[in-house]
Amino acid sequence: MTGEPAGSPWSSLQRLGAGTLRLPGEPGFAAASEAFNKRYAGIHPSAVLSVASPGDVGRAIEWAREHDVPFTVRGRGHSYAGGSVGTDLVFDLSGLGGVQVDPSTGRVVVGGGARMGSLADELAKYDLMIPLGNSDDVGVGGLVLGGGVAGVSRVYGLTCDALLETEVMLADGSTVTCNEVEHADLFWACRGGGGGNFGVHTSFTLQAQPVPAISTCLMVWPWAHAVDVIVTAQELMRRAPDEFAVRIGASRSTDSWVSVAGQYLGPAHELRELLIPVLAVAEPSRIEIIDQDFWAARRYRRHATSADAFAVRSRFARQPLSTDAVATAVAAIDRWPGSSCPDGAGIALFTWGGAVNRMPAGATAFPHRDTLFLLSMDTSWTSEDSPDVRTANLAWLHALYDQMGSFTSNAAYVNFPDPDLANWRTAYYGANLARLADVKRRYDPDRVFCHAQAI
């Protein structure tokens with residue numbers, strides 16, 4: 001094998017025939033092991049195994065246990081905290097990317113390595129939809145297992161609420177089918193218990209729904225109106241129908257601005273009526289309120305995470321943030337130390353509630369069923385920036401996170417994994433932590449699936 005060191009264990013893994021093995025320097029290695037968040041660009045695995053079938057996964061797990069080789073499972077590599085790369089062996093699931101749709105029932109079987117973009121493209125052929133988040137690059141496994149939220153979630157629930165069944169390769173190399181009847185305890189844990197905790201998910205069966213009619217909005221205001229716009233938009237969303245969801249953003253890079261972007265499952269003229277209170281605050285510098293095809297609207301709302309180095313922290317708010325809280329966040333954004341990354345820094349308030357909150361907190365492993373807003377705080381920099389810039393950006397973010405703790409809960413969203421979160425167990429899982437720990441002991445007693453924030 002090219003580049004294989006003497007005495008390497010990799011030759012026996014290659015002979016196993018459990019997929020395509022790549023070592024550093026070989027074609028395809030970088031693409032299968034590169035960190036999505038360039039903050040972790042310096043982490044490189046010793047080898048990458050790209051599996052092509054569920055059987056490959058089972059053989060690879062058995063091999064790794066026999067040879068005492070730690071491994072990382074890589075769905076599509078979109079982890080904010082670099083969780084899909086490691087220094088040992090990486091299992092690349094991109095070969096398990098198939099999508100099968102039964103239009104008569106709306107049941108969709110998705111391979112464990114599929115991306116949201118490919119799943120959406122297949123669903124569009126049948127005019128069916130699932131709450132799929134706002135990025136085409138996110139893997140189905142990470143999204144479903146950590147909850148998963150989209151603009152339609154206030155009506156249709158979280159992505160994990162649409163999960164009917166999943167195939168899981170356990171630590172001993174065996175496969176189990178999890179649903180409400182078979183291995184129901186593990187199925188419960190897979191709906192919001194986070195990825196990388198219990199096994200390798202080789203497929204997911206999800207329930208799709210017919211696509212609804214939709215309209216979208218995008219409004220941007222000058223920075224001088226930031227506090228008033230955010231306060232008013234939050235109050236609007238507290239009273240809004242479930243069919244309406246928005247992202248309220250305040251950002252700074254070369255300039256600063258505040259925005260409200262969202263969608264309504266109904267016509268644009270009704271959406272404009274809903275927006276009257278926030279439009280009355282001040283004249284937007286940009287305004288778009290339009291009827292759209294569902295799939296065109298999804299492309300319109302597509303979210304692009306920073307293409308360089310970034311850090312994200314999150315909190316949950318059960319009520320709109322007070323004027324003092326919003327003013328605190330806006331003042332912090334004014335103090336952002338800056339970087340050469342055009343993505344800059346800021347906050348976003350994502351509207352939750354509705355169907356998300358009508359599911360009891362213990363019905364699935366996802367505990368945050370009392371939330372009105374997810375507060376996301378982020379900053380970014382580039383490899384061209386000095387270490388001092390990186391340090392200043394992280395210090396700024398941590399200070400903002402601490403400041404907002406006076407106005408929000410300490411809960412956090414596991415799909416925005418935060419390596420700097422000290423109380424991550426209770427922040428991610430709340431009252432469901434003890435039950436998740438029991439499931440972990442039952443299905444992975446030796447902690448084969450172990451990472452920095454593993455249950």
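The values are calculated or read from the model by the stated rules, or taken from the named source; none is laboratory data. Owing to the predicted nature of the structure, the values given are computational and were not obtained by experimental measurement. Cβ placement follows ideal geometry from the backbone for every residue including glycine, while neighbour counts extend to all protein chains displayed.
Structure values in brief
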item: Residue ID - nearest to W188 (Cα to Cα), chosen from residues in region 396-424 that are surrounded by fewer than 15 Cβ atoms within 10 Å (Cβ to Cβ) and without any contact (Cβ under 8 Å) to a residue 40 or more places away in the chain; result: N423
item: Test: residue in region 264-274 that is surrounded by 20 or more Cβ atoms within 10 Å (Cβ to Cβ), within 16 Å of A150 (Cβ to Cβ) and touching a helix residue (DSSP H, G or I) at 6+ places or on another chain (Cβ under 9 Å); result: yes
item: Answer residue from region 45-88, given it is under 16 Å from the mean Cα position of the chain (by Cα) and of a type in the set (K, R) and is surrounded by the fewest Cβ atoms within 10 Å (Cβ to Cβ) among those; result: R76
item: Qualifying residue in region 359-381 (condition: in contact with a Cys (Cβ under 7 Å, 6 or more places away or on another chain) and closer than 27 Å to R238 by Cα); result: yes
item: Members of region 405-455 that are among the acidic types (D, E) and within 22 Å of the chain's Cα centre (by Cα); result: D418, D420
item: Qualifying residues in region 101-116 (those that are out of contact with any Lys or Arg (no Cβ under 9 Å at 6 or more places or on another chain) and without any contact (Cβ under 8 Å) to a residue 60 or more places away in the chain) - the one nearest to A35 (Cα to Cα); result: D102
item: All positions within region 52-75 that are under 17 Å from D88 (Cβ atoms), in contact (Cβ under 8 Å) with a residue 60 or more places away in the chain and not in a helix (DSSP H, G or I); result: V69, P70, T72, V73
item: Scan of region 146-198 for residues that are at positive phi and touching a residue at least 60 places away in the same chain (Cβ under 8 Å), ordered by number; result: G147, G148, G157, G173, G192, G194, G196
item: Residue satisfying condition, being surrounded by fewer than 18 Cβ atoms within 10 Å (Cβ to Cβ) and out of contact with any Leu (no Cβ under 8 Å at 6 or more places or on another chain), within set R286, R301, R335; result: R335
item: Odd one out for A331, checked against (1) over 22 Å from V414 (Cα atoms); (2) out of contact with any helix residue (DSSP H, G or I) (no Cβ under 7 Å at 6 or more places or on another chain); (3) assigned to a loop (DSSP other than H, G, I, E, B); result: (3)
item: Residue in region 363-378 that is closer than 27 Å to N179 by Cβ, modelled with pLDDT under 95, within 19 Å of the chain's Cα centre (by Cα) and not hydroxyl-bearing (S, T, Y) present; result: no
item: Condition met for V258 (over 18 Å from W352 (Cα atoms) and in contact (Cβ under 8 Å) with a residue 24 or more places away in the chain); result: yes
item: Criterion violated by F350 - all others in (1) closer than 18 Å to P131 by Cβ; (2) out of contact with any strand residue (DSSP E or B) (no Cβ under 6 Å at 6 or more places or on another chain) satisfied; result: (2)
item: Complete set of residues in region 107-121 that are of a type outside the set (A, V, I, L, M, F, W, C) and crowded, with 19+ Cβ neighbours inside 10 Å; result: G111, G112, G113, R115
item: From G82, G86, residue being outside the structural domain of G199 (by TED's automatic domain parsing) and touching a helix residue (DSSP H, G or I) at 6+ places or on another chain (Cβ under 8 Å); result: G82
item: Subset of region 162-180 [more than 15 Å from V108 (Cα to Cα) and small (G, A, S)]; result: A171, G173, S174
item: Answer from R65, R59 - the residue that is of a type in the set (D, E, K, R) and touching a Leu at 6+ places or on another chain (Cβ under 7 Å); result: R59
item: G113, sole failed condition from (1) within 20 Å of T175 (Cα to Cα); (2) small (G, A, S); (3) in a helix (DSSP H, G or I); result: (3)
item: Check on T87, outside any strand (DSSP E or B), polar (S, T, N, Q) and within 26 Å of R298 (Cα to Cα); result: no
item: Qualifying positions in region 431-451 - aromatic (F, W, Y) and assigned to a loop (DSSP other than H, G, I, E, B); result: F449
item: Scope region 146-176; condition of a type in the set (A, V, I, L, M), farther than 15 Å from R369 by Cβ and under 18 Å from the mean Cα position of the chain (by Cα); matching residues; result: A150, V152, A162, L163
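This table checks each residue for (1) under 25 Å from the mean Cα position of the chain (by Cα); (2) outside any helix (DSSP H, G or I); (3) modelled with pLDDT under 95.
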residue	(1), (2), (3)
H269	no, no, no
A282	no, yes, no
R299	yes, no, yes
R302	yes, yes, yes
V312	yes, yes, no
P320	yes, yes, no
